[in-house]
Amino acid sequence: MMNNIHLNDGPQSVCVCVCVSPVCAEAFNPDDEEEDTEPRVVHPKTDVQRCRLQEACRDILLFKTLDQEQFSQVLDAMFELVVQTNDHVIDQGDDGDNFYVIERGVFDIIVKDVCVGQYNNKGSFGELALMYNTPRAATIAATEEGALWGLDRATFRRLIVKNNAKKRRMYEAFIESVPLLKSLELSERMKIVDVLGMKQFTDSERIIMQGDKAECFYIVESGVVKIMMKSKTKKDHADNVEVEIARCSRGHYFGELALVTNKPRAASAYAEGDVKLLVIDVQAFERLLGSCKEIMKRNITHYEEQLVALFGSSMDLRD
Ligand SMILES: Nc1ncnc2c1ncn2[C@@H]1O[C@@H]2COP(=O)(O)O[C@H]2[C@H]1O
């Protein structure tokens, strides 16, 4: 259900291709490799709108594994929505109509009347009901005036869900081999595959920076990542250079500490040579990896011991 949400449909409010009904979309089998003949949804946009849309979608993990043609079909199909304070974009228990990408605004995530988190001017939501044909798992309420981009259920299923079937085939074996995820059920591991994105880095590129706010964590698919840290106690010294504290290779994860402790990044990470990473965002992390948090917390003691050995202090890693 949506209250007072305004559809801003670009220069001419013409839908070039006819929108297909959700009933049609359900007939789609994501494993079906046949050429799709469904009519395309296109919401025309001005150049300025398209630029804003592209910027909003830049870091959306679900789009990261689409090819260029699929991504451009997604952008064509998206439509702009303006929301006002207290608008409910999604109500828990409803059927899923659209997937949403945030352009601006702060949105509460409410499960059974309890606020369990917030989206702050970035991110996306509403994928679960569309992926798994389940009722909406949370209410999403605007805390201020904001702007969103919606993607209809039919297009989401035709492009994203179809792509997920491919992702499952690609990453199933790898994800099963990641020690951290071993304790999860197969269906839970597959849900992680569904929401993960893939990012590539070249030699010496910085992946995360010490002190930054954390929004995701990473699993190394290939290549080597160097974890480097500057001493906090020597903050003002000229000799406070970055020191290598760890290396991660295939199957290892990093970037989880800040998500477990709700603190800024405790270290920076750099690619050594070409690196391919799987990326899981903070909301999916909370939802899907809650049960792994205890395993991850065990690492803190190990990290602290390492830091005492390197810098003579553990740098206050805990919350
Ligand atoms: N902790 C959470 N539990 C359930 N849904 C969440 C949570 N955090 C974020 N969400 C998002 O809220 C959305 C509500 O609609 P969906 O169930 O389609 O998809 C859900 C997720 O995208």
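Key figures for this structure:
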{"quantity": "The lone exception for LEU66 - which of (1) within 18 Å of ARG157 (Cβ to Cβ); (2) among the aliphatic types (A, V, I, L, M); (3) part of a helix (DSSP H, G or I); (4) open to solvent by less than 30 Å² (accessible area, probe 1.4 Å) it fails", "calculated": "(3)"}
{"quantity": "Qualifying residue in segment 27-41 (condition: crowded, with 20+ Cβ neighbours inside 10 Å and at pLDDT 90 or above)", "calculated": "yes"}
{"quantity": "Selection status of TYR171, within 10 Å of the ligand (Cβ to nearest atom) and either under 26 Å from GLN73 (Cα atoms) or modelled with pLDDT of 95 or more (or both)", "calculated": "no"}
{"quantity": "Considering residues of segment 266-286 that are surrounded by fewer than 20 Cβ atoms within 10 Å (Cβ to Cβ) and under 15 Å from GLU127 (Cβ atoms) only, the residue nearest to the chain's Cα centre (by Cα)", "calculated": "VAL282"}
{"quantity": "Verdict on ARG153 being away from the ligand (no atom under 12 Å from the Cβ) and of a type in the set (Lys, Arg)", "calculated": "no"}
{"quantity": "Evaluation of LYS263 against (1) open to solvent by 40 Å² or more (accessible area, probe 1.4 Å); (2) touching a residue at least 60 places away in the same chain (Cβ under 8 Å) (one fails), failing number", "calculated": "(2)"}
{"quantity": "Odd one out for VAL89, checked against (1) within 10 Å of the ligand (Cβ to nearest atom); (2) of a type outside the set (Gly, Ala, Ser); (3) farther than 22 Å from GLY290 by Cβ; (4) open to solvent by 70 Å² or more (accessible area, probe 1.4 Å)", "calculated": "(4)"}
{"quantity": "Cβ pairs under 6 Å, 6+ apart, first in segment 173-191 and open to solvent by 80 Å² or more (accessible area, probe 1.4 Å), second assigned to a helix (DSSP H, G or I) and among the hydroxyl-bearing types (Ser, Thr, Tyr)", "calculated": "none"}
{"quantity": "Checklist (1) farther than 14 Å from LEU278 by Cβ; (2) small (Gly, Ala, Ser); (3) open to solvent by 30 Å² or more (accessible area, probe 1.4 Å) applied to SER222, failing item", "calculated": "(1)"}
{"quantity": "Candidate set from segment 43-63 (those that are surrounded by 16 or more Cβ atoms within 10 Å (Cβ to Cβ) and of a type in the set (A, V, I, L, M)); member that is farthest from the chain's Cα centre (by Cα)", "calculated": "LEU53"}
{"quantity": "Given (1) open to solvent by 10 Å² or more (accessible area, probe 1.4 Å); (2) closer than 18 Å to LYS45 by Cβ, number of the condition TYR100 does not satisfy", "calculated": "(1)"}
{"quantity": "Residue in segment 105-141 that is surrounded by the most Cβ atoms within 10 Å (Cβ to Cβ), counting only those that are among the β-branched types (Val, Ile, Thr) and more than 6 Å from the ligand (Cβ to nearest atom)", "calculated": "THR139"}
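The values are calculated or read from the model by the stated rules, or taken from the named source; none is laboratory data. Being a predicted model, the structure only gives us computed values, none of them experimental. Because the Cβ atoms are built from the backbone with ideal geometry, glycine has one as well, and the counts that use them run over all protein chains shown. Remember, those area values only see protein heavy atoms, side chains included, never the ligands or the DNA or RNA. Shrake-Rupley method; radii C 1.70, N 1.55, O 1.52, S 1.80 Å.
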